[in-house]
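Reading through the structure tokens given below for one structure.
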Amino acid sequence: MFVLVEMVDTVRIPPWNFDRQLNEAMAEELNKKLANKVVYNVGLCICLYDITKLEDSYIFPGDGASHTKVHFRYVVFHPFLDEILTGKIKYCSQEGVHVTMGFFDDILIPPESLQQPAKFDEAEQVWVWEYETDEGGHDLYMDQGEEIRFRVADQVFVDTSPTGPAVAASDAPAQAGQATAPPAEASEGKKEAPYTLIGTICESGLGLLSWWNS
Amino acid sequence: MTCYSLFSQTDQFVTFTFFFFTAQVFKLLIDLKEQRKDGGKSKHSAGQQNLNTIMYETLKYLSKTPSSRQSPEIVKEFLTTMMPHKLTKAEKLQLLNHRPQTAVEIQLMVEESEERLSEEQIEELIQTISDHLPGDPEQEKAAAETDEGGGQS
């Protein structure tokens, strides 16, 4: 579930923190920068494990703060492919079942990876496993808050770092003969998750824990 | 909880080192929490809010898993006992994280278990796990009261 990642970065310590132990000040700055943040292609950073190497500190003209290159190890949430994880159902939608682990929210189980046959109950907004036995059909609802065990099928990293301003909208006067390009995306409203896990429960033993416990 | 993607391509990283046992993460967070309790003012400053949030949520999650009851000695002893079974590191990690009590769960975590383990070996594995890894005290109390053995055949 967690990995240790070796990273290198330059940490800036402002002058008012010069009285503190260097290691402590470093640790605080690194945690401030990385904790609870997703690093592209790495994972969700949890907390600092240790500092392996501190290089010399430099002060640059015009800035009273010291800059130090640090080699450190950080605990990162990055489940491996096919790992089994447990979470709670956050809610269901047409896109699938959304699962949360408390500290990490963006887990989706798409409809094709649910136990089949499955249908989406529009009225109650839940996915249902239409379980067939010899005695007849038995609908198993995937309710909010239920604990669910799933396998990690895929992971998606999206680079959500700020990009430049979108191309000018229609209020800018268009020059004759020049086509105005539409704004890049109407993206202001929707924020994409930087790190998403795609899960599957299409196997014996996966799905709601209550389905498999005696 | 929104997470922000950070770092442009200019910052460089080395690759992942190794799977970090969940029990180690739990211990690390508990120790860090203790440390910060004495820290006084610093943990409430604006910049530390993210660390507080992630620590709180992760501890909340992990405290409900078997890893929260696994000291380094228990983990080491378990891994030593597991050596003859020839499981991969990922498989042993999952056994530690989930403490499976049924054959169905073992089959999920061990690849091609039908070919690598016979039925007796699976039963043996379940027994070893049950003996070496502490279970959830509340769950065990409830099971003892209803007098139902765990697991399905």
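Each value in this text was obtained by applying a stated rule to the coordinates, not by laboratory testing. Just so we're clear, the structure is a prediction, and the values are computed from it rather than from any experiment. Neighbour counts are summed over all protein chains in view; Cβ atoms, including those assigned to glycine, are modelled from backbone coordinates with ideal geometry.
Of all residues in region B:77-121, those satisfying the criterion of being β-branched (Val, Ile, Thr), within 14 Å of another protein chain (Cβ to nearest Cβ) and in a helix (DSSP H, G or I) are B:VAL104, B:ILE106.
Any chance region A:38-57 includes a residue that's on the phi > 0 side of the Ramachandran plot and at the interface with chain B (Cβ under 8 Å from one of its Cβ atoms)? So far as region A:38-57 goes, no, none of its residues is on the phi > 0 side of the Ramachandran plot and at the interface with chain B (Cβ under 8 Å from one of its Cβ atoms). Taking into account only those residues within region A:118-137 that are closer than 18 Å to A:GLU203 by Cα and not polar (S, T, N, Q), which is surrounded by the most Cβ atoms within 10 Å (Cβ to Cβ)? So, considering only residues that are closer than 18 Å to A:GLU203 by Cα and not polar (S, T, N, Q), the one surrounded by the most Cβ atoms within 10 Å (Cβ to Cβ) is A:TRP127.
Just one of (1) surrounded by 14 or more Cβ atoms within 10 Å (Cβ to Cβ); (2) away from chain B (no Cβ under 12 Å); (3) out of contact with any Gly (no Cβ under 6 Å at 6 or more places or on another chain) fails for A:VAL99. It is (3).
If you take the residues of region A:5-23 that are at the interface with another protein chain (Cβ under 10 Å from one of its Cβ atoms) and out of contact with any helix residue (DSSP H, G or I) (no Cβ under 9 Å at 6 or more places or on another chain), which of them is surrounded by the fewest Cβ atoms within 10 Å (Cβ to Cβ)?
A:THR10
The condition of being under 24 Å from A:THR86 (Cβ atoms) and out of contact with any Phe, Trp or Tyr (no Cβ under 9 Å at 6 or more places or on another chain) holds for B:MET109.
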